[in-house]
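Report on one structure; see the data block that follows.
The values are calculated or read from the model by the stated rules, or taken from the named source; none is laboratory data. Owing to the predicted nature of the structure, the values given are computational and were not obtained by experimental measurement. A quick note on method: Cβ atoms are made from the backbone with ideal geometry, for glycine too, and the neighbour counts reach across all protein chains shown. Note: areas computed on protein heavy atoms with side chains; ligands, DNA, RNA excluded. Shrake-Rupley method; radii C 1.70, N 1.55, O 1.52, S 1.80 Å.
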Amino acid sequence: MLKEVTATRYITPLREGGSLPGLVEADDFGTYVMKFTGAGQGRKTLVAEVVCGELARRLGFRMPRLATVRLDPVLGLGEPEQQVQDLLRSSGGTNLGMDFLSGALGYDPLAFPVGPAEAGRIVWFDALINNVDRSWRNPNLLVHRGELWLIDHGATMIWHHNWPSAEASAARPYDAGDHALARFAPDVSAAAAELAPRVTEDLLAEVTAEIPDAWLADEPGFDTPDDLRRAYARPLLSRAAVIAERITGIGFGPEEGK
Ligand SMILES: Nc1ncnc2c1ncn2[C@@H]1O[C@H](COP(=O)(O)OP(=O)(O)OP(=O)(O)O)[C@@H](O)[C@H]1O
Ligand SMILES: [Mg+2]
């Protein structure tokens, strides 16, 4: 279960984030990076954060701990900025929190080289979840205490925006040409050999169980939140077995040499 906390103070917006994430303090005295259900990208972004973030953690990637953060919209009343006030007011209930890594720096490939094994594991994982947001322009990787941490899995699993065609969409290749770690000769085969067998039905059931029901309710075509949880698990399970051969843009794969 994700830790459940309640926001007690809105500290400041994080200006770099497109979805206007904010820093909040919670009733456990923790400081969280909070992503709001009322943000333009909607609750599917938060579902993607939970599924991919919790899967990453279980596969051994460094990934800040996630929590659900309850928000009383009253917290927004004192905010001087209209945009922030609107966001807090429209985000009552369950939102997403992530442990704030104090002092973490945005990843710069020129300043922090990564070995082929670690690059391969991250590229393979991003291919699995179809992450389009780990480019050298916007790596969504942090360097914290000398190590690389993954953040921001909101723009993944594009198939969850159109469930009837999810299977076909999940069968498509992954273009890693723009990936922040593409330059480090990622050893995707070794990563697949290690990680693919670990992406099992049981593991995915454990991961999808972490999604709050509130973000799964009333999805057209699904009777219950658990039906939708299974729909999240299926493409990842089938993709895990084949995706290594469908990665393009890093010097091998089906599109190379054409
Ligand atoms: N757990 C964290 N600890 C420290 N800083 C963080 C953390 N999470 C996010 N940040 C900082 O906040 C920024 C925005 O976060 P994030 O990328 O998750 O938001 P976003 O709105 O999804 O961004 P994007 O513009 O990439 O869509 C990050 O680039 C990073 O600088
Ligand atoms: Mg980001």
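Could you look through region 1-49, keep only residues that are acidic (Asp, Glu) and within 16 Å of ligand 2 (Cβ to nearest atom), and pick out the one that is surrounded by the fewest Cβ atoms within 10 Å (Cβ to Cβ)?
16
Out of all the residues in region 196-204, is one or more within 16 Å of ligand 1 (Cβ to nearest atom), of a type outside the set (Asp, Glu), surrounded by fewer than 23 Cβ atoms within 10 Å (Cβ to Cβ) and over 27 Å from residue 36 (Cβ atoms)?
The answer is no, given that none of the residues of region 196-204 is within 16 Å of ligand 1 (Cβ to nearest atom), of a type outside the set (Asp, Glu), surrounded by fewer than 23 Cβ atoms within 10 Å (Cβ to Cβ) and over 27 Å from residue 36 (Cβ atoms).
Could you say which residue among 132, 143 is of a type in the set (A, V, I, L, M, F, W, C), within 16 Å of ligand 2 (Cβ to nearest atom) and open to solvent by 40 Å² or more (accessible area, probe 1.4 Å)?
132
List every residue pair whose Cβ atoms lie under 7 Å apart, where the two residues are 6 or more positions apart in sequence or sit on different chains, the first residue falls within region 40-60 and is farther than 16 Å from residue 18 by Cβ and of a type in the set (Asp, Glu), and the second residue, located anywhere, is open to solvent by less than 50 Å² (accessible area, probe 1.4 Å) and within 13 Å of ligand 1 (Cβ to nearest atom).
54/66
Is it the case that region 114-123 has a residue that's part of a loop (DSSP other than H, G, I, E, B) and touching a residue at least 24 places away in the same chain (Cβ under 8 Å)?
Checked against the condition, which is being part of a loop (DSSP other than H, G, I, E, B) and touching a residue at least 24 places away in the same chain (Cβ under 8 Å), region 114-123 yields at least one hit.
Test residue 94 against the stated conditions and say whether it is crowded, with 21+ Cβ neighbours inside 10 Å and within 26 Å of residue 142 (Cα to Cα).
It is false that residue 94 is crowded, with 21+ Cβ neighbours inside 10 Å and within 26 Å of residue 142 (Cα to Cα).
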